[in-house]
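**Student:** Can you keep this structure in mind? I'll have questions shortly.
The values are calculated or read from the model by the stated rules, or taken from the named source; none is laboratory data. Because the structure is predicted, anything quoted here is derived from the model rather than measured. Cβ: placed from backbone, ideal geometry, glycine included. Neighbour counts: every protein chain shown.
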Amino acid sequence: MRIAIESPLTDEVRGLVAALNDTLLALTPREFCHHLTVEQMAQPDTTVFVARLDGVAVACGALRRHDGGIGEVKRMYTKPEYQGRGIGGAILSEIEKLARAEGLARLVLETGDRHPAAWRVYERAGFTRCGAMLGYPDTEWSVFYEKGLAGEPVAA
């Protein structure tokens with residue numbers, strides 16, 4: 001497996017993001033989905049990682065930077081036939097490495113209330129549940145996670 005920073009504007013990454021959107025919209029009402037488009041993912045504040053097996057894009061994830069030293073994990077997705085192999089955790093590790101290298105103090109994310117497999121990936125990586133952040137609405141459809149990166153505990 002190879003994980004690298006790539007443009008989200010390729011057909012393969014667009015395909016991963018479209019599959020992710022379909023998956024999320026099957027579980028969460030549209031008004032409670034907080035998707036970045038591939039065009040938004042291509043902005044300078046966001047870095048996209050793509051995992052490839054035998055040259056084929058099988059998973060993605062992104063780091064979006066916010067003021068105050070906060071990095072947000074976005075657009076995490078692994079094709080169903082490749083899930084359970086640690087690929088999502090490996091992408092999350094690359095996101096965290098970049099965030100640390102850039103001196104970000106904290107990583108945060110919003111995920112759905114019907115995504116226990118995603119929760120396991122985040123919790124194995126040391127993320128803990130927290131309240132709503134970054135202006136996301138605090139609804140029954142969202143679960144929020146955070147992880148301090150500066151060696152200091154994250155404020156509750």
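**Student:** Would you check if there is a residue in region 86-96 being in contact (Cβ under 8 Å) with a residue 12 or more places away in the chain, within 24 Å of residue 22 (Cα to Cα) and acidic (Asp, Glu)?
**Tutor:** Scanning region 86-96, I find no residue that is in contact (Cβ under 8 Å) with a residue 12 or more places away in the chain, within 24 Å of residue 22 (Cα to Cα) and acidic (Asp, Glu), so the answer is no.
**Student:** Restricting the first residue to region 1-23 and requiring it to be closer than 21 Å to residue 89 by Cα, which pairs with a second residue that is in a strand (DSSP E or B) and among the hydroxyl-bearing types (Ser, Thr, Tyr) meet a Cβ separation below 7 Å and a spacing of at least six or different chains?
**Tutor:** Once the first residue is closer than 21 Å to residue 89 by Cα and sits in region 1-23, its partners that are in a strand (DSSP E or B) and among the hydroxyl-bearing types (Ser, Thr, Tyr) give 5/47; 16/77; 19/77; 20/77.
**Student:** Here's another thing I want to ask about it. Taking the residues in region 114-126 that are without any contact (Cβ under 8 Å) to a residue 60 or more places away in the chain and farther than 20 Å from residue 48 by Cβ as candidates, determine which candidate is surrounded by the most Cβ atoms within 10 Å (Cβ to Cβ).
**Tutor:** Going through the qualifying residues, I end up with 119.
**Student:** Scanning for something hydroxyl-bearing (Ser, Thr, Tyr) and touching a helix residue (DSSP H, G or I) at 6+ places or on another chain (Cβ under 9 Å), does region 92-102 turn up at least one residue?
**Tutor:** no
**Student:** Which residue pairs have Cβ atoms under 7 Å apart, sit 6 or more places apart or on different chains, and have a first residue in region 136-156 that is modelled with pLDDT under 90 and a second that is crowded, with 16+ Cβ neighbours inside 10 Å and assigned to a loop (DSSP other than H, G, I, E, B)?
**Tutor:** 150/105
**Student:** Out of everything in region 101-128 that is within 18 Å of residue 74 (Cβ to Cβ) and part of a strand (DSSP E or B), what residue ends up being modelled with the lowest pLDDT?
**Tutor:** Among residues in region 101-128 that are within 18 Å of residue 74 (Cβ to Cβ) and part of a strand (DSSP E or B), the one modelled with the lowest pLDDT is 112.
**Student:** Just for region 72-96: of the residues that are basic (Lys, Arg) and at negative phi, which one is nearest to the chain's Cα centre (by Cα)?
**Tutor:** It comes out as 74.
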